[in-house]
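Participant: Please find one structure pasted underneath; my questions will follow.
The values are calculated or read from the model by the stated rules, or taken from the named source; none is laboratory data. Quantities reported herein were computed from a predicted structural model and do not represent experimental measurements. Every residue, glycine among them, receives a Cβ derived from its backbone with ideal geometry; neighbour counts consider all protein chains shown. Quick note on the areas: whole protein, heavy atoms, side chains included, nothing else; ligands and nucleic acids left out. Shrake-Rupley method; radii C 1.70, N 1.55, O 1.52, S 1.80 Å.
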Amino acid sequence: MNLSLLLENLTNPALLFFVLGVIAVLLKSDLEIPPNTSKFISLYLLFAIGFKGGQELSHEEFSSEIALSMLFGIMISMLIPLYTFFILKRKLSVYDAGAIAAAYGSVSAVTFVTAVSYLESQQLTLHGHMVAIMALMESPAIIIGLVLISIFNKDQSSDKIKFSAVLKHSLTNSSVLLILGSLVIGFLASTKQAEGIKPFTNDLFKGFLAIFLLDMGVTSGRKLKSFFSFGWFPFLFAMIIPLVNGCIFAVLSSIVTDDITNRFIFAVLAASASYIAVPAAMQISVPKSNPGLYLPMALAVTFPVNITIGMPIYYLIVQHF
């Protein structure tokens, strides 16, 4: 393995700001990003990625490869919950197993944003249709997770899962709606019109990402403190399974595309875990699942694993396999 690639990623300023956030919590510092500011930055990052993706998509010609890539992305988000559920069910309740399986089958928009920044550091450009695929992968995993809970739930007295409410939320939650809306707007805007906001969508992106990852570091550090009370199984799962998923689909993605950039994004999406859309959906439909378990798994363990060692590994795989 090319260790220089890993070291380059570990010294990335954005990643180091994440580490600074974790250190701030360990030192019991009062460092924090105001909630409204954090929300604005997250909305900005989704907007910028969506808009730039739309601009790229406007220059692409729809092809069978793009159609197959979309189907491949949906397949990933349906397959991962199916096998992870049965691993999790051996140690955890059906409710927690279903919620965690849905989280790991769905995707993390923040991890996706970080992956785009990583590609830029390698002088590679994201293809617009991958933004649409990311958004399409949010909902299928949630639905599969809920179906699995319904099938294996033996508590007949429990409330029925409200599939319609969850489906509506998974399709209209703010992250999906904003990134898809920005994608469409970027697609419709001409190159000349896009130039007017390019300083905002391009030049400021890495700075905002660094501040946002600082906030993610603070949040992760706080959640990690109570997480270990659940034992080692959730921690090991949150570390190992994402890397396994990312490596497997980095290789399998060669079936639908030869493009290194697309294959890398597929690997990152397969490895990421949702900590926004899925928790919100599970709160609506499966209140017996424990957010104190699946939130720290996705945010405090899987997210840093992916952005530190995961991405260089996935990139090396798509380069050589």
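Participant: What number goes with the only condition from (1) under 16 Å from the mean Cα position of the chain (by Cα); (2) among the aliphatic types (A, V, I, L, M); (3) modelled with pLDDT under 90 that Ile241 does not pass?
Facilitator: It is condition (3) that Ile241 fails.
Participant: Please pick out the residue among Val286, Val301, Val268 that is more than 20 Å from Met134 (Cβ to Cβ) and in contact with a Gly (Cβ under 7 Å, 6 or more places away or on another chain).
Facilitator: Val286
Participant: Which one of Tyr118, Tyr104, Tyr95 is open to solvent by less than 50 Å² (accessible area, probe 1.4 Å), more than 30 Å from Lys154 (Cα to Cα), out of contact with any strand residue (DSSP E or B) (no Cβ under 7 Å at 6 or more places or on another chain) and assigned to a helix (DSSP H, G or I)?
Facilitator: Tyr118
Participant: Six or more apart or on different chains, Cβ under 6 Å: which pairs go from a residue in the stretch 284-296 that's at positive phi and modelled with pLDDT of 90 or more to one that's assigned to a loop (DSSP other than H, G, I, E, B) and surrounded by 23 or more Cβ atoms within 10 Å (Cβ to Cβ)? Could you list them?
Facilitator: Taking only residues 6 or more apart or on different chains, not a single pair turns up.
Participant: Which residues, counting only those in the stretch 164-222, are modelled with pLDDT under 80 and assigned to a helix (DSSP H, G or I)?
Facilitator: Selection gives Ser164, Ala165, Val166, Leu167, Lys168, His169, Ser170, Leu171, Thr172, Ser174, Ser175, Val176.
Participant: Mind checking which residues of the stretch 18-33 are open to solvent by less than 70 Å² (accessible area, probe 1.4 Å) and not hydrophobic (A, V, I, L, M, F, W, C)?
Facilitator: Result: Gly21, Ser29.
Participant: Residues being within 25 Å of the chain's Cα centre (by Cα) and of a type in the set (Ser, Thr, Tyr): count how many of those fall in the stretch 177-218.
Facilitator: Adding up the residues that qualify gives 2.
Participant: Out of Phe40, Phe86, Phe62, I need the residue that is open to solvent by 80 Å² or more (accessible area, probe 1.4 Å), among the hydrophobic types (A, V, I, L, M, F, W, C) and assigned to a loop (DSSP other than H, G, I, E, B). Which one? Steps first, answer last, please.
Facilitator: On the way: Phe40 fails: assigned to a loop (DSSP other than H, G, I, E, B); Phe86 fails: assigned to a loop (DSSP other than H, G, I, E, B).
Residue meeting the stated conditions: Phe62.
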